[in-house]
1. P(r) for region 33-135, please, calculated from all Cα pair distances in 5 Å bins and given in %.
2. How much area per residue is accessible in the chain when the probe is 1.4 Å and only protein heavy atoms are counted (Å²)?
3. Ignoring everything but the protein chains, give the 1.4 Å probe accessible area of MET143 in square angstrom, nearest 10.
4. Return, for the Cα atoms of the chain, the radius of gyration and Dmax in Å, separated by a comma.
5. Between the helical axis of 46-88 and the dominant principal axis of the chain, each derived from Cα atoms, what acute angle in degrees is found, rounded to the nearest 10?
6. Normalised by the residues of the chain, what does the relative contact order come to in percent, with Cα pairs under 8 Å and at least six apart?
7. What trypsin sites (Lys or Arg not before Pro) does region 148-188 have in DSSP loop regions with at most 11 other beta carbons within 10 Å?
8. Taking the full set of protein chains and a 1.4 angstrom probe, give the accessible area of GLU110 in square angstrom, rounded to the nearest 10.
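The values are calculated or read from the model by the stated rules, or taken from the named source; none is laboratory data. What you see is a predicted model, and the numbers here were worked out from it, not measured in a lab. So basically every Cβ, Gly included, is an ideal-geometry build from the backbone, and we count neighbours across all protein chains shown. The protein model used for the area step is the full one, side chains on, heavy atoms only, and it has no ligands, DNA or RNA in it. Shrake-Rupley method; radii C 1.70, N 1.55, O 1.52, S 1.80 Å.
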Amino acid sequence: MRLVRIRAELTAHIKMTLDQYNLPPLDVRIQTRRTRKQVAAHFPNPVVRQTVQLDVDVIDALDDQLRSLESSLTRQAKQHDVTTYQLLKTIPGVGAILALVILYEIGDIERFETVQRFASYARLARGDKESAGKKVGKGKAKMGNAYLKWAFSEVAVMFLRGNPDAHKAVERLRSKHGKGKALSILAHKLGRCVYTMLSKQRPFDQERFMKSFG
(Lines give C-alpha, C1' and ligand atoms only; values in the text may rest on other atoms or scores of the structure.)
Protein backbone atom coordinates (compact mmCIF):
# COMPACT_ATOMS: atom_id res chain seq x y z
CA MET A 1 0.00 0.00 0.00
CA ARG A 2 2.83 2.39 0.84
CA LEU A 3 4.47 1.77 -2.53
CA VAL A 4 1.15 2.23 -4.35
CA ARG A 5 0.64 5.55 -2.58
CA ILE A 6 4.14 6.74 -3.52
CA ARG A 7 3.44 5.79 -7.13
CA ALA A 8 0.16 7.73 -7.05
CA GLU A 9 1.94 10.78 -5.59
CA LEU A 10 4.51 10.71 -8.40
CA THR A 11 1.78 10.46 -11.02
CA ALA A 12 -0.06 13.35 -9.40
CA HIS A 13 3.17 15.40 -9.34
CA ILE A 14 3.57 15.01 -13.10
CA LYS A 15 0.00 16.20 -13.66
CA MET A 16 0.47 19.12 -11.26
CA THR A 17 3.63 20.13 -13.13
CA LEU A 18 1.60 20.32 -16.33
CA ASP A 19 -0.81 22.74 -14.65
CA GLN A 20 2.02 24.72 -13.06
CA TYR A 21 3.56 25.48 -16.48
CA ASN A 22 0.20 25.89 -18.27
CA LEU A 23 0.92 23.02 -20.63
CA PRO A 24 -1.79 21.11 -22.53
CA PRO A 25 -2.91 17.73 -21.17
CA LEU A 26 -0.81 14.69 -21.95
CA ASP A 27 -1.79 12.74 -25.04
CA VAL A 28 -0.34 9.53 -23.55
CA ARG A 29 -1.21 7.48 -20.47
CA ILE A 30 1.11 7.75 -17.47
CA GLN A 31 -0.27 4.46 -16.18
CA THR A 32 1.05 2.52 -19.20
CA ARG A 33 4.77 1.86 -19.17
CA ARG A 34 5.18 1.85 -22.94
CA THR A 35 3.56 5.27 -23.43
CA ARG A 36 5.00 6.67 -20.21
CA LYS A 37 8.41 6.87 -21.88
CA GLN A 38 7.10 9.78 -23.93
CA VAL A 39 5.88 11.86 -20.98
CA ALA A 40 9.08 13.82 -20.24
CA ALA A 41 9.32 15.03 -23.85
CA HIS A 42 6.06 16.90 -23.28
CA PHE A 43 7.93 19.47 -21.13
CA PRO A 44 10.03 21.97 -23.15
CA ASN A 45 12.05 23.31 -20.20
CA PRO A 46 15.11 21.01 -19.82
CA VAL A 47 15.25 21.32 -16.03
CA VAL A 48 11.55 20.52 -15.65
CA ARG A 49 11.94 17.70 -18.18
CA GLN A 50 14.72 16.19 -16.04
CA THR A 51 12.52 16.35 -12.94
CA VAL A 52 9.61 14.69 -14.72
CA GLN A 53 11.92 12.01 -16.15
CA LEU A 54 13.04 11.24 -12.61
CA ASP A 55 9.38 10.76 -11.61
CA VAL A 56 8.91 8.44 -14.58
CA ASP A 57 12.02 6.40 -13.73
CA VAL A 58 10.91 5.94 -10.13
CA ILE A 59 7.41 4.91 -11.28
CA ASP A 60 9.03 2.31 -13.55
CA ALA A 61 11.10 0.97 -10.65
CA LEU A 62 8.04 0.85 -8.38
CA ASP A 63 6.09 -1.03 -11.04
CA ASP A 64 8.80 -3.71 -11.11
CA GLN A 65 8.76 -4.05 -7.32
CA LEU A 66 4.96 -4.03 -7.11
CA ARG A 67 4.63 -6.69 -9.79
CA SER A 68 7.02 -8.99 -7.92
CA LEU A 69 5.44 -8.28 -4.54
CA GLU A 70 1.92 -8.72 -5.89
CA SER A 71 2.84 -12.11 -7.34
CA SER A 72 4.34 -13.26 -4.05
CA LEU A 73 1.43 -12.04 -1.93
CA THR A 74 -1.11 -13.54 -4.31
CA ARG A 75 0.51 -16.97 -3.96
CA GLN A 76 0.38 -16.64 -0.17
CA ALA A 77 -3.25 -15.48 -0.22
CA LYS A 78 -4.29 -18.43 -2.36
CA GLN A 79 -2.67 -20.79 0.14
CA HIS A 80 -4.15 -18.96 3.12
CA ASP A 81 -7.74 -18.30 2.03
CA VAL A 82 -8.29 -18.78 -1.67
CA THR A 83 -12.10 -18.70 -1.37
CA THR A 84 -12.27 -15.24 0.20
CA TYR A 85 -9.64 -13.93 -2.18
CA GLN A 86 -11.56 -15.11 -5.23
CA LEU A 87 -14.89 -13.84 -3.86
CA LEU A 88 -13.45 -10.35 -3.39
CA LYS A 89 -12.17 -10.33 -6.96
CA THR A 90 -15.72 -10.84 -8.29
CA ILE A 91 -16.41 -7.19 -7.40
CA PRO A 92 -15.89 -5.00 -10.49
CA GLY A 93 -12.72 -2.96 -10.07
CA VAL A 94 -11.20 -5.11 -7.31
CA GLY A 95 -7.82 -6.38 -8.46
CA ALA A 96 -5.11 -8.30 -6.67
CA ILE A 97 -3.86 -5.47 -4.44
CA LEU A 98 -7.26 -4.32 -3.18
CA ALA A 99 -8.38 -7.92 -2.66
CA LEU A 100 -5.24 -8.61 -0.61
CA VAL A 101 -5.67 -5.49 1.53
CA ILE A 102 -9.31 -6.27 2.29
CA LEU A 103 -8.60 -9.97 2.89
CA TYR A 104 -5.83 -9.43 5.43
CA GLU A 105 -7.25 -6.37 7.16
CA ILE A 106 -10.57 -8.12 7.77
CA GLY A 107 -9.15 -11.46 8.87
CA ASP A 108 -12.11 -13.60 9.90
CA ILE A 109 -15.41 -11.91 8.98
CA GLU A 110 -17.15 -13.86 11.75
CA ARG A 111 -15.44 -11.73 14.40
CA PHE A 112 -17.91 -8.97 13.49
CA GLU A 113 -21.32 -9.72 15.01
CA THR A 114 -23.21 -7.38 12.69
CA VAL A 115 -22.73 -5.50 9.44
CA GLN A 116 -22.94 -2.26 11.45
CA ARG A 117 -19.95 -3.28 13.56
CA PHE A 118 -18.00 -4.15 10.44
CA ALA A 119 -18.87 -0.83 8.77
CA SER A 120 -17.74 0.99 11.89
CA TYR A 121 -14.45 -0.95 12.02
CA ALA A 122 -13.81 -0.15 8.35
CA ARG A 123 -14.48 3.55 9.06
CA LEU A 124 -17.39 3.50 6.65
CA ALA A 125 -19.81 4.55 9.38
CA ARG A 126 -19.27 6.09 12.78
CA GLY A 127 -19.80 3.47 15.45
CA ASP A 128 -21.68 3.77 18.73
CA LYS A 129 -19.88 4.01 22.06
CA GLU A 130 -21.14 1.49 24.57
CA SER A 131 -20.92 1.07 28.33
CA ALA A 132 -22.24 -2.00 30.10
CA GLY A 133 -23.91 -2.99 26.86
CA LYS A 134 -25.75 0.31 26.51
CA LYS A 135 -25.32 2.97 23.82
CA VAL A 136 -23.78 6.11 25.34
CA GLY A 137 -22.98 8.15 22.23
CA LYS A 138 -21.08 8.15 18.97
CA GLY A 139 -17.49 6.97 18.61
CA LYS A 140 -14.70 9.07 17.15
CA ALA A 141 -14.51 9.37 13.36
CA LYS A 142 -10.94 7.98 13.33
CA MET A 143 -11.70 4.84 15.31
CA GLY A 144 -11.33 1.65 13.31
CA ASN A 145 -9.09 0.45 10.50
CA ALA A 146 -7.66 3.21 8.29
CA TYR A 147 -6.41 0.69 5.72
CA LEU A 148 -9.89 -0.70 5.12
CA LYS A 149 -11.22 2.84 4.83
CA TRP A 150 -8.62 3.54 2.13
CA ALA A 151 -9.31 0.24 0.36
CA PHE A 152 -13.06 0.72 0.14
CA SER A 153 -12.60 4.31 -1.02
CA GLU A 154 -10.41 2.97 -3.83
CA VAL A 155 -12.93 0.22 -4.62
CA ALA A 156 -15.68 2.85 -4.97
CA VAL A 157 -13.66 4.76 -7.57
CA MET A 158 -12.63 1.63 -9.48
CA PHE A 159 -16.18 0.22 -9.34
CA LEU A 160 -17.46 3.15 -11.42
CA ARG A 161 -15.11 2.49 -14.34
CA GLY A 162 -17.00 0.99 -17.25
CA ASN A 163 -20.09 0.58 -15.05
CA PRO A 164 -22.91 2.77 -16.46
CA ASP A 165 -25.55 1.56 -13.99
CA ALA A 166 -23.32 2.50 -11.06
CA HIS A 167 -22.56 5.86 -12.68
CA LYS A 168 -26.26 6.67 -12.93
CA ALA A 169 -26.88 5.75 -9.30
CA VAL A 170 -23.92 7.76 -8.01
CA GLU A 171 -24.88 10.71 -10.19
CA ARG A 172 -28.26 10.79 -8.45
CA LEU A 173 -26.47 10.76 -5.11
CA ARG A 174 -24.05 13.47 -6.29
CA SER A 175 -26.88 15.81 -7.29
CA LYS A 176 -28.34 15.43 -3.81
CA HIS A 177 -25.28 15.20 -1.55
CA GLY A 178 -22.26 16.34 -3.60
CA LYS A 179 -19.47 14.27 -5.16
CA GLY A 180 -17.50 13.46 -2.00
CA LYS A 181 -20.52 12.30 -0.04
CA ALA A 182 -21.79 10.30 -3.00
CA LEU A 183 -18.53 8.33 -3.19
CA SER A 184 -18.60 7.81 0.59
CA ILE A 185 -22.09 6.36 0.33
CA LEU A 186 -20.96 4.05 -2.48
CA ALA A 187 -17.95 2.92 -0.41
CA HIS A 188 -20.27 2.25 2.55
CA LYS A 189 -22.62 0.18 0.41
CA LEU A 190 -19.70 -1.80 -1.02
CA GLY A 191 -18.40 -2.45 2.47
CA ARG A 192 -21.78 -3.78 3.61
CA CYS A 193 -21.92 -5.88 0.45
CA VAL A 194 -18.51 -7.41 1.20
CA TYR A 195 -19.68 -8.31 4.71
CA THR A 196 -22.67 -10.18 3.24
CA MET A 197 -20.58 -11.83 0.52
CA LEU A 198 -18.02 -13.19 2.97
CA SER A 199 -20.56 -14.12 5.63
CA LYS A 200 -22.67 -16.10 3.15
CA GLN A 201 -19.77 -17.18 0.92
CA ARG A 202 -21.29 -15.93 -2.30
CA PRO A 203 -19.89 -13.85 -5.19
CA PHE A 204 -20.79 -10.27 -6.00
CA ASP A 205 -24.24 -9.81 -7.56
CA GLN A 206 -24.44 -6.58 -9.57
CA GLU A 207 -28.22 -6.68 -9.92
CA ARG A 208 -28.82 -7.24 -6.22
CA PHE A 209 -26.28 -4.53 -5.31
CA MET A 210 -27.85 -1.91 -7.56
CA LYS A 211 -31.22 -2.49 -5.88
CA SER A 212 -29.69 -1.11 -2.66
CA PHE A 213 -29.78 2.34 -4.28
CA GLY A 214 -33.58 2.24 -4.50
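1. Result returned by the calculation: 2, 10, 13, 13, 12, 10, 10, 10, 8, 6, 3, 2, 1, 0.
2. Details: 13080 Å² over 214 residues.
Result: 61 Å² of accessible area for each residue.
3. 110 Å²
4. 20.1, 67
5. 30 degrees
6. 17 percent
7. In loop regions of region 148-188 (DSSP not H, G, I, E or B), the sparsely surrounded trypsin sites (Lys or Arg not before Pro) are ARG161.
8. Looks like 150 Å² after rounding.
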